[in-house]
Amino acid sequence: MDASIIKQSVTLSQACQTYGIPINRQGFSRCPFHSGDNTPSFKIYPNNRGFYCFGCGMGGDVITFLMKLFGLNFIDAVKKLNADFNLGLDEKPSYAEYRKVQKLQYEREQAKKQKAELLAELKRLSAIHRKAHQLIINYHGGEPDEATAVAIHNIEFIRYKIEVRETELANLNC
Ligand SMILES: [Zn+2]
């Protein structure tokens, strides 16, 4: 059973409709994967380009959607789509496909972790930068006190570090 055929045969909107998740005209719904989503942040992209939740960061294609919604593994999710949408595909899903999805999911999770770390680091650097900047603004010549001297000495390097982290963040695949 070729998972790509399944993906082409069932759109996410069809799946949402079938499994009772109403999508509004802008393609948004309340997220089925996190609670308290009162302003719908679960987005279905047109042309079957998958889903993404701006609240909890969950995303993927129609197969991932079923895996998460029903707590299924890849093969069972494909089987369920096959059965629920009468696709009539009766071969076994390929293990290579399964591995590919697992790998993608792992990579996405790693990227998410890295993103959180980078954001925390940026927040820390920004606070240091703010403080240093304030000290320099308040410095009006003469012999600087120790904190101001350190600020003057370090501020360019702090800016450089912020820039590096921002670039890393922009290059992250998530
Ligand atoms: Zn969510």
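Numbers below:
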quantity	calculated
Selection status of residue 20, within 30 Å of residue 88 (Cα to Cα) and either within 12 Å of the ligand (Cβ to nearest atom) or without any contact (Cβ under 8 Å) to a residue 40 or more places away in the chain (or both)	yes
In segment 24-54, the residues that are away from the ligand (no atom under 12 Å from the Cβ) and buried (at least 18 other Cβ atoms within 10 Å of the Cβ)	44
Test: residue in segment 16-31 that is touching a helix residue (DSSP H, G or I) at 6+ places or on another chain (Cβ under 7 Å), of a type outside the set (Gly, Ala, Ser) and under 25 Å from residue 107 (Cβ atoms)	no
Search result, residues across segment 141-174 that are of a type in the set (Lys, Arg) and in contact (Cβ under 8 Å) with a residue 40 or more places away in the chain	165
Residue match in segment 55-67 (condition: within 16 Å of the ligand (Cβ to nearest atom), modelled with pLDDT of 90 or more and in contact with a Ser or Thr (Cβ under 6 Å, 6 or more places away or on another chain))	yes
Condition met for residue 89 (surrounded by 15 or more Cβ atoms within 10 Å (Cβ to Cβ), under 16 Å from the mean Cα position of the chain (by Cα) and not basic (Lys, Arg))	no
Unique match (being loosely packed, with under 15 Cβ neighbours inside 10 Å and of a type in the set (D, E, K, R)) among 61, 76	76
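The values are calculated or read from the model by the stated rules, or taken from the named source; none is laboratory data. Bear in mind the structure is a predicted one, so any value in this text is a computation, not a measurement. Every residue, glycine as well, gets a Cβ built from its backbone with ideal geometry; the counts of neighbours run over all protein chains shown.
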